[in-house]
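Reviewing the structure listed below.
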Amino acid sequence: MGKSYSSKWIIQRITALLLVPLTFWFIFHSISFQHANYFEILLFFDSYINSFLFLIMMIAMLVHAKLGCETIVEDYVSSINLNKSIKSLINLITLFMIIISIIAIIKITIF
Amino acid sequence: MLDKRPLSPHLSIHKKVLTAVFSIFHRFTGLGLSIGAILISLWISILALGPQYFFIFEYIATSIIFKIILFLWTLGLFYHLFNGIRYLFWSYGIGMDLKTVYSSGYLVIILTLLTTIVVWVV
């Protein structure tokens, strides 16, 4: 907690702005992933630019999802205890997914 | 009351006007895409683990259920993307007159269907 609602509102919009071009970029590449094997997909992450953009997309996506889900919980879960527990769970899942994504991308790109 | 943030109107007591339906759908697709974001994190992780693990994903990817989910994912993603762009304009107070709100809403539906068809057919 501690973050004000206006700063959350701004972060939600900043991540949205980042995600607009990045989503189009990723969908464009995922189409070729459909028929690609393991090594052909790895080739995509050989490029530092691709890996960097993918990393930015993942973090922006997970933060954007976290803020969106939190807002839904705040609007429709009226029980204070349940409200707080779900938000803690969302926080935990977001943090975990960001960490494993960063480790995975670094491992794929560098090693 | 948990805090001071103004809450969204309660779904059951309002007449379903088009703008409300768009908003509900935005949240509904957003919720689904959040699960999708988790799945992409798992996909990149299984890719990092190596080919001996990645074949699990390749096996799942051949199923028809996976294809159906992927199709709905595309549809939901494009809807959320285009409607999200519409909401970003609203954040700057652009396009908020009733006529533009409706016409941009129809444009979102058209673009969603068109791009989904392009991705899956072309």
Note to self: Go through region B:36-53 and report how many residues are closer than 27 Å to residue A:66 by Cβ, of a type outside the set (Ser, Thr, Tyr) and either more than 21 Å from the chain's Cα centre (by Cα) or at pLDDT below 95 (or both).
What the structure shows: 4
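From the list B:81, B:47, exactly one residue is touching a Ser or Thr at 6+ places or on another chain (Cβ under 7 Å), surrounded by 11 or more Cβ atoms within 10 Å (Cβ to Cβ), of a type in the set (A, V, I, L, M) and within 11 Å of chain A (Cβ to nearest Cβ). Which is it? Steps first, please.
Numbers: B:47 fails: touching a Ser or Thr at 6+ places or on another chain (Cβ under 7 Å).
Every option except B:81 fails the conditions.
The values are calculated or read from the model by the stated rules, or taken from the named source; none is laboratory data. On a predicted model such as this, the values are computed, not experimentally measured, just so you know. Every residue, glycine among them, receives a Cβ derived from its backbone with ideal geometry; neighbour counts consider all protein chains shown.
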